[in-house]
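What follows is one structure encoded as structure tokens, with my remarks underneath.
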Amino acid sequence: MTIEVADRPNEHVVETMPDRLALPIWTLIAPGLGLLAVLVGLAKMGTLGTAAAVIVLIGSVLAAVHHAEVIAHKVGEPFGTLVLAIAVTVIEVSLIVSLMLSNASDATTLARDTVFAAIMIILNFIIGICLLAGAVRHHEQRFTLKGMTAALGVLAAMAALSLILPNYTSSTQGPTYASSQLIFVAVVSLILYGTFVLVQTVRHRDYFLPSTDDKDDHAAPPSGRATGIAFAALLVALVSVVLLAKTLSPTIEAAVLGAGLPLTVVGVVIAALVLAPESLAAYKSARRNRLQTSLNLALGSALATIGLTIPSVAIVSLVLDLPLALGIDAKSMTLLALSLFVATLSLGTGRTTVLQGVVHLVIFAAYLFTTVVP
């Protein structure tokens, strides 16, 4: 990490700061503690062990956020936000697949519930809290409209093909796809996501850059050494998050069933744990008046969730001959359509206020309430 020192007139001298200032020691210790907690089975050591595992999980999440921000500042927009989106999605796929293999009774709907929960969390909670927090502090925030319109268009197509269309196909009974249809949707999802990434990072990169001058962009980027350490620590932190989440999932599932709640709540909890790093990173960016970065994170994550998760789960389902129900029910379709419609209106002018944030958070509250009380 560097700073500029103007010791002589008309001259800027670049001075290197210790990497420890860019990478606080706790951000390096927390991921290691997460792996250690998994190895010793901390979550299985009674109530105190479970509580300690949750604390370590939170620490790993916060560390992942910090390292992702270091990398993002080094590589710049929109590549920086893409790093966290893809990394977290890989972890999400690993978690879903591992739970599908270890819990056959929930394999049919687990992927669908988790993906749908992730989309609702991103479209309503993450975007809502970012719009509200940013507007409270800065009154009105701006972003590049073209990029958000493109992202929402791709997201609507992906969501409809993956989560709605299975309810209306006739090759199989129930909310499922036939093998050929599943392969087609997986390929189409990859094509759509790959095209979006090409547009975001190469052909129309300016669509996803801040529309106004961002003061944080003038801060000197971290050194290559610090960035390399941050990247390695980010991977360890994300692995710690997913392994701890997997370890805690039986406890969570037992608590959900013990409370008389539907098992779809498990999918919500899993999605919330996996998306926690992105949620915090997006919130912090909005508070710093970097709403473009927040929206890049949110919508990029939603696209990666479908574009990478659905094809991966489809391959596992076909190879291992596991049942896979993708179609959501009428209530969920209503909420999904409402979320996409409101997001299109909220992000359709290039400016946001507290009103849009409140609307999204209300929709998210309705989603949570109707999940618990269907």
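The values are calculated or read from the model by the stated rules, or taken from the named source; none is laboratory data. All of these numbers come straight from a predicted model, not from anything done at the bench. Positions of Cβ are generated from backbone atoms using ideal geometry, with glycine treated the same way; all protein chains shown enter the neighbour counts. Just the protein is used for accessible areas: all its heavy atoms, side chains included, with ligands, DNA and RNA removed. Shrake-Rupley method; radii C 1.70, N 1.55, O 1.52, S 1.80 Å.
Summary of values
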{"read-out": "Gaussian network model of the chain, Cα within-10 Å springs - most flexible of PRO262, PRO222, PRO311", "value": "PRO262"}
{"read-out": "Set of lysines with alpha-carbon distance to LYS74 below 26 Å, sequence-local pairs under 8 removed", "value": "LYS146, LYS215, LYS284"}
{"read-out": "The range 114-195 - percent of accessible surface contributed by carbon and sulfur, probe 1.4 Å", "value": "67"}
{"read-out": "Carbon and sulfur %, accessible surface of the range 205-335 computed with the full protein complex present, 1.4 Å", "value": "64"}
{"read-out": "Cα-projected label distance for ILE55 with VAL362, points at 7 Å along beta-carbon direction, nm", "value": "4.0"}
{"read-out": "Estimated dipole of the chain in Debye, rounded to 20 [Cβ of Lys and Arg +1, of Asp and Glu -1, Cα centre]", "value": "240"}
{"read-out": "Estimated vicinal HN-Hα couplings, Hz - the range 266-282 in sequence order (Karplus 6.51, -1.76, 1.60; Gly, Pro = x)", "value": "4, x, 5, 5, 4, 4, 5, 5, 5, 8, 4, x, 5, 4, 5, 5, 5"}
{"read-out": "Estimated inter-spin distance, THR344 and ASP329, nm [label 7 Å along Cα→Cβ]", "value": "2.6"}
{"read-out": "Set of lysines with alpha-carbon distance to LYS246 below 19 Å, sequence-local pairs under 8 removed", "value": "LYS44"}
{"read-out": "Å² per residue, accessible surface of the chain at 1.4 Å", "value": "44"}
{"read-out": "Over the chain: helical MRE at 222 nm, DSSP H runs n ≥ 4 each giving -39500 (n - 2.57), nearest 500", "value": "-24000 deg cm²/dmol"}
{"read-out": "Inter-label distance, nm, simple model (7 Å from Cα along the C-beta direction), ALA255/LEU39", "value": "2.7"}
{"read-out": "Accessible surface of THR169 - all protein chains present, 1.4 Å probe, nearest 10 Å²", "value": "30"}
